[in-house]
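Accompanying notes for the structure given below.
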Amino acid sequence: MLISLDNVAFGYDDNYIFENVTFALNEGERVGLIGANGEGKTTLIKLILGELDCDKGEVLRKNGIKIGYLEQNGGYVSGNTVYKEMLEVFREELDAVEKLSSLSVRLSETDDEREYNVLSAKIESLNKFVSARDCYDVEVRIKTVLNGMGFAAMYDAVIDTMSGGEKTRLKLARLLLEQPDLLILDEPTNHLDISTLFWLEDYLRSFKGGILVVSHDRYFLDKTVSRILEIENKRITSFSGNYSKYKILKAELYARKLKEYEAQQEERAKLQDYVDRNIVRATTAKSAQSRVKQLEKMDILEKPFTPPSPPHFKFEFDVQPYENVLEISGLNLERGGKVLLRGGVLNVKRGEKLALVGENGTGKSTLLKEILNKNSAVKLGRFVKFAYYDQETANLDSDNTVLAELWERHVGYTQTEARSALARCGLFAEDMDKKVCSLSGGERAKLALCVLECERGNVLLMDEPTNHLDLPAREGLEDALKKFEGTLIFVSHDRYFISALAGKIAEIENCKINSYDGGYESFTESKRAARDEERRKQEAEKFAEREAERSAHFRSKKERAEEERKKQRIKKLENDISGLEREEEEINGMLSDPLIAADYIKINELMQKLATIKLQLDELYGEYEKVLQ
């Protein structure tokens with residue numbers, strides 16, 4: 001057990017955020033923590049870390065537990081380079097290797113027997129530490145993690161000059177290298193491209209410690225966790241399995257609890273009706289009293305909590321476009337001196353749902369805007385009407401109120417129609433007079449999506465539409481877009497969202513657009529196969545290099561025989577030395593025995609034997625050093 005919470009409650013001013021919270025995190029366990037925004041996920045993490053104290057109950061931590069915590073936007077400040085900063089994680093290991101080297105030099109130079117023995121003991125102790133910590137593999141471990149996290153070309157980059165997203169990614173890389181007992185990750189996938197996500201998922205499978213991850217990335221949860229903790233209505237419920245399994249189990253639990261609640265309510269109603277009709281009758285009063293006692297003894301079941309309805313989006317259009325909605329041919333794109341596309345080609349048919357993917361900075365959002373702005377290399381079919389969702393919601397007027405923002409764009413709406421449209425999208429009466437600039441990220445996203453659906457476009461261009469949306473809102477948007485009969489072209493890092501919607505993938509890679517027919521799973525299979533093939537190719541090249549090196553240093557049969565004889569002699573010397581050292585240790589133990597110490601003859605015999613062993617060891621040590629030269 002790493003962490004245990006027992007009947008924990010926490011709140012402000014007697015208003016509990018959650019209460020009666022009981023669960024444990026066990027060694028090596030992978031747990032996902034989910035819940036709507038504002039339910040208290042971050043508060044729960046701070047209780048686990050000890051940054052907050054609970055109002056009721058108890059938080060227990062394993063003695064000496066080492067916890068690594070990645071905050072949602074938690075990078076760090078350092079004037080170090082990337083590689084040197086990662087070396088600091090292994091300062092103890094590097095110092096041990098350096099000290100071992102220094103002691104070995106001193107051992108080879110000393111003629112003093114006492115100093116030799118002291119140095120030998122220190123070296124033996126250090127060797128055990130170095131072996132246990134894999135100190136000689138430090139550089140390999142650092143490079144494995146840095147390359148996997150996308151820093152292969154940034155070893156010498158100064159951390160203070162990096163972007164916020166890069167700093168957060170680097171903090172995650174450091175935490176992976178630190179190997180804590182419990183790794184707590186708050187939205188770890190926010191700044192990762194698809195190839196890095198693949199690597200991280202594979203790495204976490206072999207991670208030895210426990211993991212607690214807060215994430216809106218349902219695909220990531222499916223791949224990495226085996227239990228879900230959900231915060232809802234001030235309670236925490238545990239579900240075995242990944243996110244997809246949780247959805248099934250939660251629906252089953254709600255249905256069962258509702259059935260039990262309704263059955264009890266029906267039984268109580270029947271009992272109460274009998275009491276009401278018979279309590280005043282002399283002939284039936286006794287049986288009525290019996291039913292009163294039944295009602296009093298009954299444990300009243302609580303009606304299962306029904307969460308607020310998620311936003312309900314609806315995308316419709318008025319005119320159907322021609323079959324060939326979009327044709328891109330020979331598109332060249334540059335931004336800030338960086339080439340994004342050279343001769344880009346892409347075709348989209350009516351009704352297709354296309355996901356634009358690729359690493360960060362490859363130009364996905366730029367391509368979407370070029371389509372919207374009708375670049376000369378972009379040919380549109382007749383009757384195409386775009387509706388565009390901007391990931392930064394920059395197309396909203398910050399000085400407007402929520403109601404005015406929608407109403408001014410669609411003056412034909414009555415106030416009731418405008419309010420109804422906003423309410424469907426999750427913005428209610430209390431939100432109508434809020435200024436757009438004062439809205440949270442999730443509220444701004446819902447407003448932008450409401451504006452989008454009112455545009456009635458037959459081709460939706462959407463740039464990261466799930467950013468800032470909690471899981472219920474994401475699922476509501478997914479459901480609406482599945483039902484949308486028009487064409488959808490979208491950019492997203494939400495792989496669950498991509499998998500649910502996209503029937504075609506277009507990846508921007510090496511300044512080209514590569515199209516893949518089929519869904520996201522088919523695309524990822526292709527990418528993984530290509531990655532595995534590249535890995536096999538690299539391994540084959542390394543093997544060929546080793547074989548070439550071995551051929552270059554080909555030894556004759558006589559030389560190989562001589563080396564084998566040398567190995568056998570070294571092995572025999574090591575065994576002989578070990579045997580004599582054990583015998584020497586046994587004699588020293590006997591000499592310290594009070595019973596033997598009282599026997600002068602026995603002491604004399606043992607001392608003579610010890611002197612003989614020392615002479616034999618000196619000869620063997622000398623021969624051993626010569627053989628090794």
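So that you can scan it fast, the table gives a plain yes or no per residue for (1) hydrophobic (A, V, I, L, M, F, W, C); (2) touching a Phe, Trp or Tyr at 6+ places or on another chain (Cβ under 8 Å); (3) more than 20 Å from THR189 (Cβ to Cβ); (4) buried (at least 21 other Cβ atoms within 10 Å of the Cβ):
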position	(1), (2), (3), (4)
ASN467	no, no, no, no
LEU471	yes, no, no, yes
LEU481	yes, yes, yes, no
ILE498	yes, yes, no, yes
LEU501	yes, yes, no, yes
GLY518	no, no, yes, no
ASP532	no, no, yes, no
TODO: Mind counting the residues in region 437-452 that are surrounded by fewer than 23 Cβ atoms within 10 Å (Cβ to Cβ), in contact (Cβ under 8 Å) with a residue 60 or more places away in the chain and either farther than 14 Å from ASN395 by Cβ or touching a Pro at 6+ places or on another chain (Cβ under 7 Å) (or both)?
DONE: 2
Task: GLU405 vs. criteria surrounded by fewer than 14 Cβ atoms within 10 Å (Cβ to Cβ), part of a helix (DSSP H, G or I) and over 31 Å from the mean Cα position of the chain (by Cα) - done: no
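Condition first: among the aliphatic types (A, V, I, L, M) and either touching a Leu at 6+ places or on another chain (Cβ under 6 Å) or more than 30 Å from THR196 (Cβ to Cβ) (or both). Now tell me which residues in region 116-152 satisfy that.
We begin by selecting, within region 116-152, every residue among the aliphatic types (A, V, I, L, M); these are 118-119, 121, 123, 126, 130, 132, 138, 140, 142, 145-146, 149, 152.
Residues satisfying the conditions are VAL118, LEU119, ALA121, ILE123, LEU126, VAL130, ALA132, VAL145.
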Task: region 322-350 residues that are closer than 19 Å to GLY457 by Cβ, paired with ones that are charged (D, E, K, R) and assigned to a strand (DSSP E or B) (beta carbon under 7 Å, 6 or more apart) - done: GLU323/LYS349; ASN324/LYS349; VAL325/LYS349; GLU327/LYS379
- [ ] With the condition kept exactly as written, say whether any residue in region 366-378 is over 27 Å from THR466 (Cα atoms) and in the same structural domain as LYS483 (by TED's automatic domain parsing).
- [x] yes
Open item on the list: Let me confirm something: among THR189, THR168, THR144, which residue is within 14 Å of the chain's Cα centre (by Cα), part of a helix (DSSP H, G or I) and at pLDDT below 95?
Closed with: THR168
Open item on the list: Given (1) assigned by TED's automatic domain parsing to the domain that holds LYS385; (2) of a type in the set (A, V, I, L, M, F, W, C); (3) farther than 30 Å from GLY381 by Cα, identify the lone condition not met by ALA269.
Closed with: (1)
TODO: Select from region 24-76 the residues that are at positive phi and part of a strand (DSSP E or B) and write down the one among them that is modelled with the highest pLDDT.
DONE: GLY57
- [ ] Could you please find all residues in region 422-471 being assigned to a helix (DSSP H, G or I), aliphatic (A, V, I, L, M) and farther than 26 Å from ARG350 by Cβ?
- [x] LEU422, ALA423, ALA429, VAL436, ALA445, LEU447, LEU471
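Mind telling me which of the residues LEU170, LEU182, LEU146, LEU176 ends up being touching a Gly at 6+ places or on another chain (Cβ under 6 Å) and touching a residue at least 24 places away in the same chain (Cβ under 8 Å)?
Within the list LEU170, LEU182, LEU146, LEU176, the selection yields LEU182.
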TODO: Give the residues of region 229-253 that are at negative phi and among the small types (Gly, Ala, Ser), sorted by residue number.
DONE: SER238, SER240, SER244, ALA251
Task: Residue match in region 102-113 (condition: in contact (Cβ under 8 Å) with a residue 60 or more places away in the chain and hydrophobic (A, V, I, L, M, F, W, C)) - done: no
- [ ] Would you be able to tell me the number of residues in region 142-188 that are at positive phi and buried (at least 20 other Cβ atoms within 10 Å of the Cβ)?
- [x] 1
Task: Number of the exception - GLY336 against (1) farther than 30 Å from ASN510 by Cα; (2) out of contact with any helix residue (DSSP H, G or I) (no Cβ under 6 Å at 6 or more places or on another chain) - done: (1)
Open item on the list: Looking at region 202-219, I want the residues that are farther than 15 Å from GLU475 by Cβ and have a partner that is of a type in the set (Lys, Arg) with Cβ atoms under 6 Å, at least 6 apart or on another chain. Which pairs are those?
Closed with: ILE211/ARG30; VAL214/LYS41
- [ ] Would you list the strands (runs of 3 or more DSSP E) that sit entirely within region 196-313 and hold 1 or more residues that are surrounded by fewer than 15 Cβ atoms within 10 Å (Cβ to Cβ) and of a type in the set (Gly, Ala, Ser)?
- [x] 235-240
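Look through region 128-141, keep the residues that are charged (D, E, K, R) and either modelled with pLDDT of 90 or more or out of contact with any helix residue (DSSP H, G or I) (no Cβ under 6 Å at 6 or more places or on another chain) (or both), and return whichever of them is surrounded by the fewest Cβ atoms within 10 Å (Cβ to Cβ). Write out each step before concluding.
At the first step, the residues of region 128-141 found to be charged (D, E, K, R) are 128, 133-134, 137, 139, 141.
Imposing the further condition that a residue be either modelled with pLDDT of 90 or more or out of contact with any helix residue (DSSP H, G or I) (no Cβ under 6 Å at 6 or more places or on another chain) (or both) reduces the set to 128, 134, 137, 139, 141.
Values: LYS128: 10, ASP134: 12, ASP137: 12, GLU139: 13, ARG141: 17.
Among them, the one singled out is LYS128.
The values are calculated or read from the model by the stated rules, or taken from the named source; none is laboratory data. Note that the coordinates shown come from a computational prediction; the quantities given were computed from them, not determined experimentally. So basically every Cβ, Gly included, is an ideal-geometry build from the backbone, and we count neighbours across all protein chains shown.
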